[in-house]
Amino acid sequence: MKYVEEFRDPAAARGVLAEISRVTDQIGATADAPVRIMEICGGHTHAIFRYGLDKLTPDGIEFIHGPGCPVCVLPRSRVDECIDLAEQPDVIFTSFGDAMRVPGSYKSLLQAKAQGADVRMVYSPLDALELARRNPDREVVFFGLGFESTTPSTALTIQQARRTNVLNFSVFCNHITVPPPIKALLDDPHMCLDGFVGPGHVSMVIGLRPYDFIAQDYGKPIVVAGFEPLDLLQSVLMVLRQIRDGRAEVENQYARVVPAEGNPVSLAAIADVYETRPSFEWRGLGEIDASGLRIRPDYATFDAEQKFQIGYGAGQARAVAEPDGCACGEVMTGRVKPVACPHFGKGCTPELPLGALMVSSEGACAAYYQYGGARAVEVAK
Amino acid sequence: MCLGIPGQIIAITDADLMMAVAEISGVRREVNVACIAEGAPLETLVGTWTLIHVGFAMSRIDEDEAAKTLDVLRELGEAQEVLDAMAEGAESLRPRR
Ligand code: SF4
């Protein structure tokens with residue numbers, strides 16, 4: 001338990017770990033027949049590796065890393081469309097830093113910028129709106145991506161653009177939602193998952209009710225969790241206890257931040273600006289019904305798809321093949337570990353990512369590379 | 001990129017657009033407070049600790065929770081990432097050409 005000393009409260013962590021071992025034994029889970037728990041959120045994936053929770057917990061528990069890293073599930077075709085937009089002469093293309101390194105079919109946004117496109121990294125969509133105010137003769141496009149934790153920020157920014165009449169601002173909307181891919185994974189006959197650790201900050205916006213189907217229709221436990229190592233361990237224990245007791249419920253370990261009903265202002269802004277797309281493409285997972293959002297016709301002025309006739313809005317959404325031999329799809333769905341990919345640590349590293357799972361610290365491959373560390377890379381070589 | 005960072009609201013700058021200045025790990029920047037306003041007069045938000053995500057205050061938290069969250073974010077390297085992103089965002093706003 002070498003990492004336990006790093007915990008704020010090592011004694012509490014030891015207590016929870018002992019209880020986790022006990023309940024794992026009661027379930028009868030072993031290394032050969034483990035309980036498989038998916039942490040949905042990429043932030044949790046990162047924390048699990050950073051604190052070595054996968055090593056601290058018994059062999060009878062296997063963590064499956066879920067699809068909750070927005071840049072990791074971004075298809076190459078959408079990156080290509082960003083670059084098409086960014087290379088238009090009048091456009092200033094703005095994006096969160098994470099998304100700038102995601103490889104498209106030809107290049108990333110960062111490479112397009114190096115070749116002369118006006119691409120700027122911003123911290124907030126509000127920065128992009130301010131850029132539009134200061135550059136009235138240019139079109140400022142913001143690349144809106146992310147789950148429900150980020151969606152309210154672009155919705156509120158679009159509302160503000162309309163209120164303040166900033167008409168040279170638009171959002172290239174690639175927002176996605178958490179519940180549909182979970183349903184897709186649960187419907188996949190190759191996936192066997194015993195329970196979920198639910199995302200904290202997404203749930204702060206959407207609340208707990210959107211997860212009811214996981215417990216009620218699929219009979220699986222889900223526990224919404226915070227980001228401290230102790231939060232994660234407690235949540236795993238809550239999932240295990242449900243499994244042991246034959247219960248399937250939506251529980252909230254992170255109640256100090258996540259209200260059961262979510263955040264009403266955020267939800268109202270999302271509902272005002274966005275509508276659900278019939279389907280949306282996810283890297284590694286394919287098309288998933290009702291899993292993406294688009295801007296309502298009422299806000300067409302602020303919709304880059306409609307303004308520039310690009311992307312899903314133009315019916316040009318095109319599937320682009322993934323790099324040869326890469327295992328992104330299998331890693332994404334928890335079928336194989338990153339080290340099983342032939343590119344891991346060779347053609348694909350955090351410095352020069354081939355697949356999106358290597359781009360962000362929340363991606364499973366990057367987390368393995370960083371903390372599974374030298375050993376994982378050695379094994380791969 | 002989905003993790004929020006704790007910050008403290010220190011002044012209201014535009015009540016109409018729900019904008020305020022927050023101090024985030026020693027750095028000040030303008031944030032939107034619509035999601036935590038809940039109909040109360042905005043001035044009452046001054047001093048409040050909140051989780052800030054991409055320029056939006058998303059949830060009220062207490063000071064102790066703020067300190068703990070910040071520690072975890074520092075350990076994960078996320079706190080510095082956010083501060084770098086804020087600096088880069090400010091840089092992007094500067095006129096060029
Ligand atoms: S190592 Fe790279 S190419 Fe292989 S699965 Fe991970 S991200 Fe994809």
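The values are calculated or read from the model by the stated rules, or taken from the named source; none is laboratory data. All values derive from a computational prediction rather than experimental measurement. Here Cβ is always computed from backbone atoms with ideal geometry, including for glycine, and neighbour counts include all displayed protein chains. Surface areas here come from the heavy atoms of the whole protein model, side chains and all, with no ligands, DNA or RNA. Shrake-Rupley method; radii C 1.70, N 1.55, O 1.52, S 1.80 Å.
7 Å from Cα along Cα→Cβ at both B:ASP64 and A:ASP188: what's the point-to-point distance in nm?
With each label placed 7 Å out from Cα toward Cβ, I get 4.1 nm.
Which cross-chain or sequence-distant (5 or more) residues have an amide H under 5 Å from the amide H of A:ILE64, H modelled 1.01 Å from N in plane?
Close amide H contacts, sequence-distant or interchain: A:ILE37, A:MET38, A:GLU39.
Within a 10 angstrom radius of each residue's Cβ in B:51-63, how many Cβ atoms of other chains show up on average? Whole number is fine.
6
Determine the total buried accessible area between chain B and chain A, counting protein heavy atoms only with a 1.4 Å probe; round to the nearest 100 Å².
When B and A are taken together, about 4000 Å² of accessible area is lost.
Using a cut-off of 10 Å between beta-carbons, work out the net charge of the residues near A:LEU186 (Lys and Arg +1, Asp and Glu -1, A:LEU186 not included).
Net local charge, A:LEU186 excluded: -1.
When the accessible area of chain A is computed with all protein chains present and a 1.4 Å probe, what percentage of it is carbon and sulfur?
C and S atoms contribute 51 percent here.
With a Förster radius of 41 Å, plug the Cβ-Cβ distance of B:VAL21 and A:ASP298 into 1/(1 + (r/R0)^6) and report the FRET value to the nearest 0.05.
It comes to 0.80.
Counting each DSSP H run of 4 or more residues in chain A as -39500 (n - 2.57), what helix-only mean residue ellipticity at 222 nm follows after dividing by all residues, to the nearest 500 deg cm²/dmol?
Rounded to the nearest 500, it is -10500 deg cm²/dmol.
Which parts of the stretch B:1-28, residue by residue, lose 50 Å² or more of accessible area when the rest of the protein chains are there, as against the chain isolated (1.4 Å probe)?
B:MET1, B:CYS2, B:LEU3, B:LEU17
Each label point is 7 Å from the Cα along the Cα-to-Cβ direction; what then is the distance between the points at B:ASP14 and A:ALA260, in nm?
Result: 3.8 nm between the two label points.
Just to be sure I understand the model, the point goes 7 Å from the Cα along the line to the Cβ. What's the resulting A:ALA33 to A:ASN165 distance in nm?
7.1
Provide the three semi-axes, in whole Å and in decreasing order, of the ellipsoid equivalent to the stretch A:182-234 as defined by the square roots of 5 times the Cα gyration tensor eigenvalues.
Taking √(5λ) for each eigenvalue gives 21, 14, 9 Å, largest first.
Compute the Rg/Rh shape ratio of the stretch A:1-81: radius of gyration over Kirkwood radius, all on alpha-carbon atoms.
So for the stretch A:1-81, dividing Rg by the Kirkwood Rh gives 1.11.
Percent relative contact order of chain A, based on C-alpha pairs within less than 8 angstrom and at least six residues apart?
Averaging sequence separation for qualifying contacts and normalising by length gives 20 percent for chain A.
Express the accessible area of the protein assembly as shown per residue in Å², computed with a 1.4 Å probe while the remaining protein chains stay in the model.
37
Can you name the helices of chain A, as whole DSSP H runs, whose Cα span along the helix axis is 20 Å or more and whose Kyte-Doolittle mean is not below -0.5?
In chain A, the long hydrophobic H runs are A:10-27, A:229-245.
Tally up the carbon and sulfur contribution to the accessible surface of chain B as a whole percent, 1.4 Å probe, everything protein left in place.
Percent of accessible area from carbon and sulfur atoms in chain B: 50.
Starting from the coordinates of the alpha-carbon atoms of chain B, obtain the Kirkwood hydrodynamic radius over all distinct pairs and give the value in Å to one decimal.
Answer for chain B: a Kirkwood hydrodynamic radius of 13.7 Å.
Given all pairs of different Cα atoms, what value in angstroms does the Kirkwood hydrodynamic radius of chain A take?
21.5
Do any cysteines of chain A lack a neighbour Cys whose Cβ is under 4.7 Å away, and which are they?
For chain A, the answer is A:CYS41, A:CYS82, A:CYS173, A:CYS192, A:CYS326, A:CYS328, A:CYS341, A:CYS348, A:CYS365, because their Cβ atoms have no other cysteine Cβ under 4.7 Å.
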